[in-house]
Amino acid sequence: MIFEQSERTKKLHEQLLAFMDEHVYPNESAFHEQIESADDRWQLPPILEELKAKAKSEGLWNLFLPESEFGAGLSNLEYAPLCEIMGRSPHFAPEIFNCSAPDTGNMEVLARYGTPEQQERWLTPLLEGEIRSAFCMTEPDVASSDATNIESSIVRDGDEYVVNGRKWWSTGAGTPRCEITIFMGKTDFEAPRHEQQSMILVPMDTPGVKVERTLSVYGYDEAPHGHAEITFDDARVPASNILWDEGKGFAIAQGRLGPGRIHHCMRLIGMAERSLELMCERTKERVAFGKPIAEQGVVREWIADSRIEIDQARLLTLNAAYMMDTVGNKEARSEIAQIKVAAPNMALRVMDRAIQAHGGGGVSGDFPLALMWSEARILRLADGPDEVHRASIAKMELKKASGIRHQASAKTT
């Protein structure tokens with residue numbers, strides 16, 4: 001299958017590559033230095049604010065959102081190569097273009113399920129990049145790989161809902177710029193299993209909402225956005241803050257996580273591509289045992305295997321994007337699950353080879369590899385662990401095989 005890109009996407013692709021070369025890569029060090037030297041590491045670094053304004057002025061803004069009313073109107077297939085480019089600098093670039101998680105998923109939820117009032121209050125400032133948001137689903141006390149396990153509650157009390165629970169890995173909640181969170185909890189513990197959950201908008205300044213701590217990922221706190229543990233203790237919000245309707249939380253989550261998963265995979269391919277480039281550059285420069293490391297047989301195998309695996313993952317991702325665009329997220333759930341397993345595992349293998357090729361420098365902060373590796377490793381867990389996706393894929397394959405067997409039986413009778 002040939003995944004031909006539109007002329008508009010090709011133009012954006014060239015614009016984005018030029019922007020990355022001119023503004024992003026040269027300022028990565030400044031970004032980290034400004035965070036480390038700031039009085040408050042969680043405030044927006046000046047370089048990020050500066051580049052956000054520049055990207056916005058050049059039309060490289062909200063490229064992720066398919067709805068042309070709110071975003072660029074690109075399909076998943078059109079957005080894929082653009083998201084890959086942003087993934088080459090995963091902790092810096094996506095926010096520059098207002099295409100960073102969890103804001104992307106939250107904006108999609110508000111665009112699809114939010115009321116006009118909710119969209120005006122929260123979607124508009126998110127689209128403008130004026131605020132950040134968080135998504136509160138995962139809980140520390142239950143196995144959140146099964147979202148029906150959540151124990152948090154959303155209880156109606158007159159014209160309000162009372163929200164209680166403890167959440168963690170709430171990405172984006174570490175920064176004071178995070179003003180709103182989408183909270184998933186149960187409104188009816190006795191309803192059918194997938195109709196117990198609801199989602200509600202909870203402003204971060206609501207009494208009873210407390211950020212307990214930020215969590216580190218392999219020692220990185222990922223300022224200035226971070227991942228937080230948050231408690232909700234009788235936090236009261238207007239009943240109008242409910243998203244879609246009571247009992248629709250699981251359905252919203254499935255709709256939100258499909259695009260989120262493929263975006264992660266697109267960025268992972270970008271990380272892997274950059275890691276391969278760094279590996280090639282480093283091994284051509286370093287000499288061991290009388291010749292450049294790039295001439296060592298095992299290193300050439302690393303480079304070759306990395307190219308093969310990256311291209312395999314990219315084709316799988318483009319196919320999933322094509323399926324989402326043509327038959328919808330529900331029908332493409334096997335393809336989405338496949339890339340969600342394949343892409344992070346591929347990226348980790350490529351990065352590990354690149355780290356090995358860099359020697360001691362590979363595990364240091366002098367190169368971006370260690371930080372990217374930590375990002376890729378968490379994506380074997382975020383938005384569903386590998387094991388859950390593999391189980392889902394197997395279930396669908398077994399169902400298909402059962403149908404084929406029944407058809408064969410019918411023909412022989």
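The values are calculated or read from the model by the stated rules, or taken from the named source; none is laboratory data. Everything numeric here is computed off the predicted structure, so don't read it as measured data. Counting neighbours? That spans all protein chains shown, and the Cβs are built from the backbone with ideal geometry, glycine included.
Of all residues in the range 343-373, how many are in contact with a Leu (Cβ under 6 Å, 6 or more places away or on another chain) and surrounded by fewer than 20 Cβ atoms within 10 Å (Cβ to Cβ)? Selection size over the range 343-373: 0.
Residue check: ALA223 meets all listed conditions (1) in a strand (DSSP E or B); (2) hydrophobic (A, V, I, L, M, F, W, C); (3) in contact with a Phe, Trp or Tyr (Cβ under 7 Å, 6 or more places away or on another chain) but one, namely (1).
When the residues of the range 30-45 are filtered to those that are among the charged types (D, E, K, R) and within 20 Å of PHE367 (Cβ to Cβ), the one that is surrounded by the fewest Cβ atoms within 10 Å (Cβ to Cβ) is GLU36.
Can you tell me how many residues within the range 355-390 are in a loop (DSSP other than H, G, I, E, B) and under 20 Å from THR138 (Cβ atoms)? Give the derivation first.
Within the range 355-390, the first condition is being in a loop (DSSP other than H, G, I, E, B), and the residues that meet it are 364-368, 379-385.
Still in the list and also under 20 Å from THR138 (Cβ atoms): 379-385.
Number of matching residues: 7.
Scanning the range 379-411 for residues that are over 20 Å from GLY258 (Cβ atoms) and at pLDDT 95 or above turns up just one, LEU398.
When each of PHE183, PHE189 is tested for being under 22 Å from SER145 (Cα atoms) and free of Cβ contacts under 8 Å to residues at least 40 places away in the same chain, the lone residue that passes is PHE189. So for the range 96-118 (the condition being over 23 Å from TYR322 (Cα atoms) and among the basic types (Lys, Arg)), does at least one residue qualify? Looking for residues that are over 23 Å from TYR322 (Cα atoms) and among the basic types (Lys, Arg), one finds none in the range 96-118, hence no. For the range 136-150, check the following and say yes or no: at least one residue is touching a residue at least 12 places away in the same chain (Cβ under 8 Å) and in a helix (DSSP H, G or I). Checked the range 136-150: at least one residue is touching a residue at least 12 places away in the same chain (Cβ under 8 Å) and in a helix (DSSP H, G or I). Looking at the range 49-69, which of the residues that are in contact (Cβ under 8 Å) with a residue 60 or more places away in the chain and not in a loop (DSSP other than H, G, I, E, B) is nearest to THR175 (Cα to Cα)? Per the stated criteria, the residue is LYS52. Pairing residues of the range 305-317 that are over 21 Å from SER334 (Cβ atoms) with residues that are of a type in the set (A, V, I, L, M, F, W, C), at Cβ distances under 6 Å and at least 6 apart in sequence or on separate chains, gives SER306/LEU276; SER306/VAL350; ILE310/ALA272. One residue stands out among those in the range 77-108 that are under 14 Å from the mean Cα position of the chain (by Cα) and over 22 Å from ASP21 (Cα atoms): the one that is surrounded by the fewest Cβ atoms within 10 Å (Cβ to Cβ), which is ALA101. Within the range 369-376, not a single residue is among the charged types (D, E, K, R), at pLDDT below 95, assigned by TED's automatic domain parsing to the domain that holds ILE269 and within 26 Å of ILE262 (Cβ to Cβ). Kindly establish whether GLU246 is of a type in the set (D, E, K, R) and assigned to a helix (DSSP H, G or I). No: the conditions fail for GLU246.
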